[in-house]
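A quick write-up on the structure given underneath.
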Amino acid sequence: MAERLEPVYTHVPRLVAGSTQMLDHLQRHGFVVVADALPRDAAATAMSKLWDYLEQLGTGIDRTVPDTWGDESWPTAVHGGILPGHGIGHSEAQWYIRSFRAIKDAFAAVWHDEELLVSFDGVSLWRPWARNEEWRTNRAASWFHIDQHPIGRPGFQCVQGLVNLLPMNADTGGNVVIPGSHRHFESIVDRYSERVNRVPTSIDHFRFPNDDPLLGDPAPIMAHMEPGDLLLWDSRTIHCSHAGPQRDGIDDRLLRAVSLICMMPKARSNHSVIAKRRHAVENVISTTNWSDVWVNADTFPDIVASDSSKYTRPTPPVLSEYQRSLVG
Ligand SMILES: O=C(O)CCC(=O)C(=O)O
């Protein structure tokens with residue numbers, strides 16, 4: 001079973017943001033790699049800004065001293081090393097990344113709409129687990145999921161994204177998708193009626209049991225990305241991330257850093273959601289990928305259970321006109 005779900009590291013075409021080829025690949029396979037959404041030097045700048053965020057939390061993290069990256073100082077991580085809260089969604093790093101036009105070009109092509117709102121979501125940072133086995137993030141087989149409720153949100157609803165910031169290979173691990181699995185979304189309700197009905201329709205998350213035949217046919221893939229590349233996937237596409245074997249034993253730098261990012265048409269958000277989004281900027285509140293509903297990521301159970309008072313949140317961002325247009 002485990003081997004069947006071991007992702008195959010694959011080079012797929014790296015396509016131009018907003019191009020017809022990009023859209024075709026996304027529609028056909030349920031995911032696409034967009035080349036150079038951020039120039040390489042901007043990916044390095046974003047990485048440095050992410051370290052600024054971590055160091056400014058005031059818990060003692062020092063980018064040059066891996067011994068300071070322990071759980072007692074690291075921000076709360078949920079599945080797959082994702083950091084969803086403690087102000088990350090309004091860090092300078094996240095707003096910097098969101099401002100690159102190629103990202104909007106990619107999402108605008110998906111929606112055939114230029115008037116888009118951006119999610120205020122977080123990042124996934126993988127610490128070198130050769131130093132501490134407990135830092136190893138989840139294996140793919142444990143959390144194949146989709147981020148769209150099979151009943152609450154029928155049909156095409158959203159494309160999610162992440163920008164890769166560090167060099168990646170089969171050893172580091174990365175995001176995993178089951179190509180073409182978005183086409184089986186409609187079958188989930190019949191195949192898992194009881195399981196689906198247990199999930200409140202407002203929760204856009206459905207976890208697959210790891211003996212589901214869809215998970216191995218075709219095999220899960222981990223698509224190679226260069227630093228600065230953007231991965232897009234349809235929220236109906238089965239996905240997760242997977243820690244690599246880390247054969248080179250790196251223990252002094254992050255193995256993976258990605259910025260989660262999503263844009264949806266402004267027309268899908270009502271006045272109340274937009275008012276809450278403006279309030280979120282002033283109050284440094286992060287969200288999920290969905291900008292058409294209001295979900296406060298600081299209310300996630302793991303964040304609530306953490307001692308959030310020990311983290312100094314970033315100050316509210318000062319946004320450019322372009323960035324404000326993405327708030328709504
Ligand atoms: O870090 C990753 O690539 C996994 C992202 C993911 O599963 C999600 O955002 O839903």
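Any residue at all in region 241-255 that's β-branched (Val, Ile, Thr), in contact with a Phe, Trp or Tyr (Cβ under 9 Å, 6 or more places away or on another chain) and either on the phi < 0 side of the Ramachandran plot or surrounded by fewer than 15 Cβ atoms within 10 Å (Cβ to Cβ) (or both)? No, region 241-255 has no match at all. Taking the stated definitions as given, is Arg101 over 25 Å from His184 (Cβ atoms) and free of Cβ contacts under 8 Å to residues at least 40 places away in the same chain? The answer is yes for Arg101.
Beta carbons closer than 6 Å, at least 6 apart along the sequence or on distinct chains, pair a first residue in region 185-203 that is under 21 Å from Asn289 (Cα atoms) and touching a residue at least 40 places away in the same chain (Cβ under 8 Å) with a second that is surrounded by 12 or more Cβ atoms within 10 Å (Cβ to Cβ) and not hydrophobic (A, V, I, L, M, F, W, C) for Phe185/Arg236; Val196/Pro150; Thr201/His149; Thr201/Gly152.
Can you name the residue in region 127-151 that is in contact with an Asp or Glu (Cβ under 7 Å, 6 or more places away or on another chain) and more than 12 Å from the ligand (Cβ to nearest atom) and is also farthest from Asp211 (Cα to Cα) among such residues? Here the residue is Arg131. Across region 236-274, the number of residues qualifying as at pLDDT below 95, among the β-branched types (Val, Ile, Thr) and out of contact with any Pro (no Cβ under 9 Å at 6 or more places or on another chain) comes to 0. Would you check if there is a residue in region 42-64 being modelled with pLDDT of 95 or more, among the polar types (S, T, N, Q) and within 28 Å of Ile221 (Cα to Cα)? No, region 42-64 has no match at all. Does Ile274 qualify as being more than 21 Å from the chain's Cα centre (by Cα), β-branched (Val, Ile, Thr) and farther than 29 Å from Pro13 by Cα? Yes; evaluated as a whole, the condition is true for this residue. The conditions of being on the phi < 0 side of the Ramachandran plot, crowded, with 21+ Cβ neighbours inside 10 Å and within 16 Å of the ligand (Cβ to nearest atom) are met by Gly122. Out of region 172-205, which residues are touching a Pro at 6+ places or on another chain (Cβ under 6 Å) and either surrounded by 17 or more Cβ atoms within 10 Å (Cβ to Cβ) or closer than 30 Å to Ile97 by Cβ (or both)? Selection gives Val176, Ile178, Pro179, Ile188, Val196.
The values are calculated or read from the model by the stated rules, or taken from the named source; none is laboratory data. This structure is a prediction, so every number in the text was calculated from the model and none was measured. We place every Cβ from the backbone using ideal geometry, glycine too, and count neighbours over all the protein chains shown.
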